[in-house]
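To start, the structure under review is shown below, and the notes come after it.
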Amino acid sequence: MAELVFFSGTMDCGKSTLALQMDHNHRARGRSGLIYTKMDRMGESVLSSRLGLSTDAGEVTDDVDFWDAVVEYATAGHRVDYLICDEAQFYTPGQVEQLAKIVDEMGIDVFAFGITADFRTQLFPGSRRMIELADRVQVLQVEALCWCGRRATHNARVVDGVMVVEGEQVVVGDTKPGQAGLVEYEVLCRRHFMRRMNSAAARAAATSPDTLPFDLDLCPVPPC
Ligand SMILES: [Zn+2]
């Protein structure tokens, strides 16, 4: 029975690596699949992992209709056993519904990968629809770590070194021409997310004699 599976985790938990591994495993068993991603760090139409692996992938713009794309591909004589869908948090709710329909009506497995919540701790619309519709939601076991060593559960946006909790939901990290501020992301435990204490802030607090004790005995700052 085909399934819609949503593999979720924070940034840096190895989702894209697992997506590539899953594609490899299925191909090794003679199955044939299509790979999609959206706004991969390496650019358009490529699925890349931080470990250095990458493969060609379909770029999911808002006007992509998965149902039409798979019908067209299959009609051209290709077999489709599964879809790998990375960065699924960025898909539209309608696209997630198309994926569910592909599972139900065509018997094709859909393995989707994505982060659940944005830098404001709000669910991405694509992830929300995935959680609502998926046969299974699987939290990835490779755990990203906060600077304090705890399990990182939250994605923080850092602009010019300072953590922010307001702004547009989707801003891909990196400097953009004409845009003030270097946008980066950092994974944190909930405690440090709520305290707005990213690694740079923790380092500053640790080295400043003026800073009041910040409950640091509960969460010691690791030596540099
Ligand atoms: Zn922490």
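Can you tell which of A152, G107, A117 lies farthest toward the positive end of the dipole of region 28-169, using +1 and -1 charges on the Cβ of basic and acidic side chains (Lys, Arg; Asp, Glu)?
So the residue furthest toward the plus end is A152.
Just the accessible area for T75, please: 1.4 Å probe, Å², rounded to the nearest 10?
In the full protein context, T75 sits at about 110 Å².
Expressed as a fraction of 2.2 N^0.38 Å, the rule-of-thumb size for a compact globular protein of N residues, what is the C-alpha radius of gyration of region 1-133?
Region 1-133 yields a ratio of 0.98.
Amide H to amide H, which residues 5 or more places from C85 or on other chains are under 5 Å from it, using H placed in the peptide plane?
The answer is Y36, F111, A112, F113.
Return the distance in nm (one decimal) between the two label points of a simple spin-label model at V64 and D81, each offset 7 Å from Cα along Cα→Cβ.
Simple spin-label model gives 2.2 nm for this pair.
Evaluate the Kirkwood expression for the hydrodynamic radius of the chain, namely the inverse of the mean inverse distance over all pairs of different C-alpha atoms, and round to one decimal in Å.
With all distinct Cα pairs of the chain included, I get 18.8 Å.
What's the carbon and sulfur percent of the chain's accessible surface, probe 1.4 angstrom, rounded to a whole number?
Here carbon and sulfur together make up 52 percent of the probe-accessible area.
Go through 21-29, 121-129, 66-74 and give me the packing order, highest mean Cβ count within 10 Å leading.
121-129, 66-74, 21-29
Let me know the volume per residue of the alpha-carbon convex hull for region 14-64, in Å³.
So the per-residue hull volume is 70 Å³.
Give me the extension gain from E168 to E97: residue separation times 0.36 nm, minus the current Cα-Cα distance, reported in nm with one decimal.
23.1 nm
What are the residues whose amide H is under 5 Å from the amide H of V139, where those residues sit 5 or more places off or on another chain and H is modelled from the backbone?
Here S8 satisfy the definition.
Skip the ligands, DNA and RNA, and give the accessible area per residue of the chain with a 1.4 Å probe, whole Å².
Ligands and nucleic acids excluded, the figure is 53 Å² per residue.
By DSSP, what percent of the beta bridges with both residues in the chain are antiparallel, rounded to the nearest 5?
So the antiparallel bridges amount to about 45 percent of the total.
For the chain, take the longest principal axis of its alpha carbons; what is the angle in degrees between that and the long axis of helix 66-75, to the nearest 10 within 0 to 90?
Approximately 40 degrees, to the nearest 10.
Pop out the Kirkwood hydrodynamic radius of region 70-158 from its pairwise C-alpha distances, inverse of mean 1/r, in Å to one decimal.
It works out to 14.7 Å.
Highest mean first, what order results for 110-116, 138-144, 44-50 on Cβ atoms within 10 Å?
Per-residue mean Cβ counts within 10 Å order the peptides as 110-116, 44-50, 138-144.
Normalised by the residues of the chain, what does the relative contact order come to in percent, with Cα pairs under 8 Å and at least six apart?
22
Need the full-extension length gain, Q141 to A206, defined as separation in residues times 0.36 nm minus the C-alpha distance. One decimal, nm.
20.3 nm
The values are calculated or read from the model by the stated rules, or taken from the named source; none is laboratory data. Keep in mind that what you see is a predicted model, and the values were worked out from it rather than measured. Positions of Cβ are generated from backbone atoms using ideal geometry, with glycine treated the same way; all protein chains shown enter the neighbour counts. The area values use the complete protein model at the heavy-atom level, side chains included, leaving out ligands, DNA and RNA. Shrake-Rupley method; radii C 1.70, N 1.55, O 1.52, S 1.80 Å.
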